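The structure appears right after this line, and notes come after that.
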Amino acid sequence: MNVMKFGGTSVGSAQRIKNVASLVSSRGRNIVVLSAMSGTTNQLLKITDSLKSGDISEASTLIGQLREKYSKEISELIDDPAYRDEALSKIGGIIDSVATKLDKKIEAIDEKEIVACGELMSTNMMDCYMRSIGMNVAFLQALDFMAVDDQGEPDLDYIEAHIAPLIAINPDADVYLTQGFICRNADGEIDNLQRGGSDYSASLIGAAVDADEIEIWTDIDGMHNNDPRFVEGTKPVSKLHFEEAAELAYFGAKILHPTCVLPAKNKNIPVRLLNTMTPEAPGTLIYNTEADYKIKAIAAKDDITAIKIKSGRMLLAYGFLRKVFEIFETHRTPIDMITTSEVGVSVTIDNDRNLDAIVEDLSAYGAVTIDRDMVIVCVVGDLEWKNRGFEAEVVNALKEIPIRMISYGGSNYNISVLIRKEDKQKALNLLSLHLFN
């Protein structure tokens, strides 16, 4: 049994929902995980923003637009009157639950309940459509088995224990359908997985049922070897190690969230990235492959801030780096890159919300300088240090680009360089030219 996850663009219209159902019906007995229809989550977030600001009129208008959109999509999707009416009733009820928030003060739990409606609507539409064309669907409600603990982390034991009986009582189903992204928290309230969303759901479900493979279906044919928005002629990477995929995802490859590979990696379940628009394309296979002495791909992470602390008096003192790291921990700000010398230490962060407070605390230990609007460019592959030459190829390719920091050796799969925002596109193209052509 495979887990097949379809993103928002894959179910973004009535026709695309039909295409997904056709694809699923030809693949045998699998678990299907759906995101919200593209645009829906943004609309729901706008509704919550309007409610929080007290603009009830705007919220009501947005809810009306949502109702109109789904009525139109359902009418185009389902021909059978009985199933069409059922879908209209179910989706209408979900939108009604959002409308009830118009008369109350919005709290955090209300926001999460509203945002969860996107996945509830897409799966109810798909369920009604699949049954209308004769498919035997077991509709598994994610809120019955997907849960996080009091730290907000997935409760794997709970997920395994609660999804198994739901599958067991539907042994003859053609397909098992469920929602991505949404879950319950430790208090039993509606919540969400945040990081990675529906991809994370698919990986957790795959791990819980010991799936043969986890398929992530989007609108691009796998993870490309560079960013196609900035570089022409990019190509899908056929195979990646889990660690390579995680590095690329963390450093900017938007097709996949870095957290979503962890449950699959821990259970050694391959993850395949596929394109709903061209389902015949092989995509990218992610698994615990053996090292193959290649540079695979390049990714870039924007909106980086570099912080340098220079202090000849303190750097070699016992505990200096610990004190620096404690400041970032206190302000709940993770570090991406770090380099050190005899008189200074430089780090990068991708969240400058607490930057002023961080700089103030760091100033007690030395002179602090800031470089904003930077970009981390990450080169990924089999980069174990004994594979001589790869680091030289990367630096040589960027000989025309000013480099602020270089990080190499912290991982066997990654060389990272920090450059200015205005040099990003040139750097990505130079790396493709020198490394792949």
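Every number in this text was worked out from the coordinates using simple rules, so none of it is lab data. No experiment lies behind these values; they were computed from the predicted model shown. Here the Cβ positions follow ideal geometry from the backbone for every residue, glycine too, while neighbour counts run over all protein chains shown.
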Debye log10 I(q)/I(0) for region 93-239, one point scatterer per Cα, at q = 0.17 Å⁻¹: -1.07
Can you give the log10 of the normalised intensity I(q)/I(0) at q = 0.16, 0.20 Å⁻¹, computed with Debye over equal Cα scatterers of region 1-148? -0.86, -1.24
GNM on the chain, C-alpha springs below 10 Å: top fluctuator among S71, S57, S203? S57
Using a basic spin-label model with each label point 7 Å from the Cα along Cα→Cβ, how many nm lie between H162 and E360? 4.2
Which percentage, to the nearest 5, of the DSSP beta bridges contained in the chain is antiparallel? 60
If you line up the Cα atoms of region 291-381 on their principal axes, what length do they span on each, largest first, in Å? 45, 28, 20
Here the gain from full extension of K323 to D210, 0.36 nm per residue of separation minus their alpha-carbon distance, amounts to 36.4 nm
Rounded to 0.05, the calculated FRET efficiency for the beta carbons of E290 and E76 at R₀ = 56 Å is 0.70
Compute the length gained on full extension between K52 and T330: take 0.36 nm times their separation in residues and subtract their Cα-Cα distance, giving the result in nm to one decimal. 97.2 nm
Debye intensity ratio in log₁₀ form over the Cα atoms of region 228-347, taken at each q of 0.15, 0.19 Å⁻¹: -0.85, -1.06
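In nm, what is the difference between 0.36 nm times the number of residues separating E400 and S341 and their Cα-Cα distance?
18.8 nm
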Quick check on region 300-437: what does the Kirkwood estimate of hydrodynamic radius come out to from the alpha carbon pairs, in Å? 15.9
Whole-angstrom Cα spans of the chain along principal axes, big to small: 76, 50, 40
Taking the Cα centre of region 241-359 as origin and charging only Cβ (+1 Lys, Arg; -1 Asp, Glu), how large is the dipole, in debye to the nearest 20? 240
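At most 14 other C-beta atoms within 10 Å and a DSSP loop state: those are the exposed chymotrypsin sites (Phe, Trp or Tyr not before Pro) I care about. Give me the longest piece of the chain that has none.
Details: sites that count: Y293, Y318, W385.
Between exposed loop sites, the widest span is 1-292.
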Check: C-alpha center region 130-201 vs C-alpha center region 20-39, spacing in Å is 15
Between the modelled labels at R29 and N437 (7 Å from Cα along Cα→Cβ) the distance in nm is 5.1
Given Cα pairs under 8 Å that are at least 6 residues apart, what percent is the relative contact order of region 1-80? 33
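Can you pick out the pairs among K69/K104; K18/K296; K112/K301; K5/K105 whose Cα atoms lie more than 32 Å from each other? Numbers along the way, then the final one.
Working: K69/K104 25 Å; K18/K296 35 Å; K112/K301 28 Å; K5/K105 35 Å.
Flagged as over cut-off: K18/K296; K5/K105.
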